[in-house]
Amino acid sequence: MTEFSSGAQAIVLVLFTTLVTVTLMMCVMAGPDRDDLANFYTGYLSLTPLRNGLAIAGDYISAATVLSTTGIIALTGYDGYVLAVSTALSLVLLMFLLAEPLRNAGRFTMGDVLARNMPGRAVRIAACLVTLSATLPFLVVQLSGAGSLLTFILNIPHAAGARTASIVIVGTLMIIYAAIGGMKGTALIQMIKIVLLIGTSVVVAALVLNRFDWSPGAVLRAAQHGSGAGPAYLQQGLQLGTSAGGRLDFVSFQITIILGVACLPHITMRLYSAQDVPAVRRSMSWAVGTVTTFCLLVIIMGTGAAALVGSQHITAADPHGRTSLLMLSQMLGGAPGSAGATMLYSAVAGMVFITLLSSVAGMTLAAASSLAHDLFAHAVRRGRAEPRTEMTVAAWTSVVVGIVAIGLATTVQNWDVGVLTTLAVCIGASAVAPALTYSLFWRGFTRTGLLATLYGGAAGALLLMVFSKAVSGTPSAVFPNADFDLFPMQTTGLVSIPFGYLAGWLGSLLDHRRRAADSREHRRLYEESEARLLAAAE
Amino acid sequence: MTYADENRYPPSAPAGWPPPHLEPHGIRSGHETYGQSSWPESYGHDVPRYDSYGRQAPWDAAYAHGTHQYDDDLAALRSAYRVLRRISTLTALGSFVVYVVLSCYAPGLMGSKIIGELSPGMAWGVLQLVVTFAAVSWYGRSAQRSVDPLARAVRERAVPAGRNAGATR
């Protein structure tokens, strides 16, 4: 980075400012009417399937996905390839299994889906808490990453003040997008972001292949060499080791990813803004197509980073390789200081910046919507809040969520908090996924079962995560010097997902025994609403 | 749009829903009834979604008398959805689980070189991504063929008896 000219930084800064100005303007213009809830939460169902699909893909591919997946592929090869496949398949699974009934059952938030047969404040509160616990960690990890990322991109000395300033700037922008733009405004930004992301990735991937005369074999050979791992680069095991425990951990990690990522509330929330069932299907087709294309590109980019940058340089800049994409773009552009190098680097930096902004804005909106709709409108006001009040509350909760996230991100910026991403995905897989599948497909599901799944799954994932090897006991953990790793894995999914499902089942059985009348009522409500769930029938 | 039979037995969930203006938010009320006059074209969009508080329905008992035809349609739709869901989900999830398990426990097989640097493991991974495009389009076509007609039938049986039939925005 030292050879990097100040001219490039000026161009990057101008690009960032332009991106921010344009997206802010679009956000304000697309913003919802002041007293229209449906418009704020769903944008009047007015998006075409293509646009909605791009917005779903935009929400799905977060900055964490772009940067860490490239890094993991660059550093671990085969394990990273499997991660790219599971990331794409998670959205496929959402499309096949949940998307259509979810669209029919939901209205604005996850709480609407879960509470449709089980009215009551307890369900709303649980839905809100789980939404927060799944989105906030993700938000914090990306915001705290924003600090080191922006100082890296702009080549500012890694002083704490500069990083905090970057976090606050990104956080403030994110609050503005979420509070002013609502669902429609953030959808616009997601669309811009996904177009830029795919465009830049195609160029970078093409340049990588071009460097090796379009021969995949040559790229792979160079990557094996550059990674320093040799043939092991193309075999499973670099990420978590090849011991029996490491392999089990790897399986657990992949299963958690495939079940958890697509269930996260900020992604399912986009489904409610589809017009009808064929529209949600077409939207998801576009989203899956886009995400799969990106996953193919990320495989090429990650391998290219290993081949051209080399893992020594990558780990020197960031042990998790999150800067590998940027380093690759510096490498590909040609001689340092040349026009090509500057242009490519600025494009990739701009793409990373807009990806970061849009993904944190989407998550803030999801968390704030749940607070305003589930907690305020339904739990506090028992469903009797004025739409106008709820809108105002939603805007203010965006501010509150944003400020809390900025505060947390600033606090943890010196720690290695990548584990929070895993935590969010684990909660998605162990609490959200069981709750949604039971609620949509099992007529014997009861209120106790729902609460047990949500609280049990989330608490199980959280507890196991705290005592996992990702938090303490290993050199790459959050607290490398402490030693309270009672759970010998990096991911909790293998235990916490079955636990979440089991909790829901046992809770429902308990209700069938103890409160037969209640559970019959729940079953009746489910059957009564089945036509709507399956056919969108009135 | 009067069906004597169905008016005698108000069929189902829909009848159990209070008119839109009773909904606590009243937000969608302007749009909820829209689209029903032009029924067959609109695919149930603008249909109001759930609101847990809107269901203190006085017509609950009516459900017990739901017409047989309607129940049959719903059962057919339910099983069509179930078949589609099971086939597609199990294929996607199953192929991936086999892939991960083989990668972990048969590294020799998955890491062996077939052409140049290409190993079965890499080929499988990339192939799975490529096949995804085909799988998604297959799913769309199957759903259109097996599920959509049944869903349309269920909606058509549900709507004529509804109080809002013919209402416009």
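Hydrophobic long helices, here whole DSSP H runs in chain A with Kyte-Doolittle means of at least -1.0 and Cα atoms spread over 30 Å or more along the helix axis, are found at A:6-30, A:121-154, A:182-211, A:277-308, A:339-370, A:387-411, A:493-514. Here the protein assembly as shown is treated with +1 on each Lys and Arg Cβ and -1 on each Asp and Glu Cβ, and its dipole about the Cα centre works out to around 640 debye. Each 10 Å bin from zero holds the following percent of Cα-Cα pairs in the range B:68-156: 15, 32, 22, 16, 10, 4, 0. The alpha carbon centroids of the range A:142-207 and the range A:235-276 are separated by 23 Å.
Farthest toward the dipole's positive end in the protein assembly as shown, which of A:Leu207, A:Ala482, A:Ala503, given Cβ charges of +1 (Lys, Arg) and -1 (Asp, Glu) about the Cα centre? Most positive-ward Cα: A:Ala503.
The charge dipole of the range A:6-414, taken about the Cα centre with unit charges on the Cβ atoms of Lys, Arg (+1) and Asp, Glu (-1), comes to about 440 debye, rounded to the nearest 20. Sorted ascending by nearby beta carbons within 10 Å, beginning with the fewest, A:Met363, A:Met191 become A:Met191, A:Met363. Separation of the range A:278-331 and the range A:488-538, taken as the distance between their Cα centroids, equals 37 angstrom. The relative contact order of the range A:270-402, computed from alpha carbon pairs under 8 Å that lie at least 6 residues apart in sequence, is 13 percent.
Checking the a/c ratio against 1.5 first, then a/b against b/c, what shape does the Cα gyration tensor give for the range A:371-501? It comes out oblate by the Cα gyration axes.
For the peptide B:144-150, the mean number of other protein chain Cβ atoms found within 10 angstrom of a residue's Cβ is 2.
Counting only other chain Cβ atoms within 10 Å of each residue's Cβ, the peptide A:219-229 averages 1.
By the gyration tensor of its Cα atoms, with a ≥ b ≥ c the square roots of the eigenvalues, what is the shape of the range A:71-119: rounded for a/c under 1.5, prolate for a/b over b/c, or oblate? It comes out prolate by the Cα gyration axes.
When the Cα positions of A:Ala405, A:Ala368, A:Val425 are compared along the charge dipole of the range A:352-426, A:Ala368 comes out farthest toward the positive end, with charges on each C-beta of Lys, Arg, Asp and Glu.
Length available on full extension from A:Arg514 to A:Val412: 0.36 nm per residue minus the Cα-Cα distance, which gives 32.2 nm. Just need the Rg to Rh number for chain A, please, alpha carbons only, Kirkwood Rh. For chain A, the value is 0.97. Exposed loop positions in chain A were taken to be trypsin sites (Lys or Arg not before Pro) whose DSSP state is not H, G, I, E or B and which have at most 15 other beta-carbon atoms within 10 angstrom. Between these positions, the longest stretch is A:35-380. The mean count of C-beta atoms from other chains within 10 Å of the C-beta of residues in A:113-120, rounded to a whole number, is 3. Working from Cα pairs under 8 Å separated by at least six residues, relative contact order for chain A is 27 percent. Taking Cβ atoms as reference points and 12 Å as the exclusive limit, the residues near A:Ala55 contribute a net charge of +3, counting Lys and Arg as +1 and Asp and Glu as -1. Remark: the range B:68-156 carries a charge dipole of roughly 60 debye about the Cα centre, counting +1 on each Lys and Arg Cβ and -1 on each Asp and Glu Cβ. From least to most packed, judged by other beta carbons within 10 angstrom and beginning with the fewest, A:Ile198, A:Ile427 follow the order A:Ile198, A:Ile427. Note on A:Leu188, A:Leu533: ascending count of other Cβ atoms within 10 Å places them as A:Leu188, A:Leu533, the fewest first. Counted by Cβ distance under 11 Å from A:Glu100, the other residues give a net charge of +1, where Lys and Arg count +1 and Asp and Glu count -1.
Computing FRET efficiency as 1/(1 + (r/R0)^6) for B:Leu90 and B:His68, where r is the C-beta to C-beta distance and R0 is 35 Å, gives about 0.60. Overall shape: oblate for the range A:191-254, with the ratio a/c of the largest to smallest alpha carbon gyration tensor axis at 1.5 or above and b/c at least equal to a/b.
Rule-based calculations on the coordinates, nothing more; no lab input. Note that this is a predicted model, so its numbers are computed, not measured. Ideal geometry is used to build each Cβ from the backbone, glycine not excepted, and the neighbour counts take in all protein chains shown.
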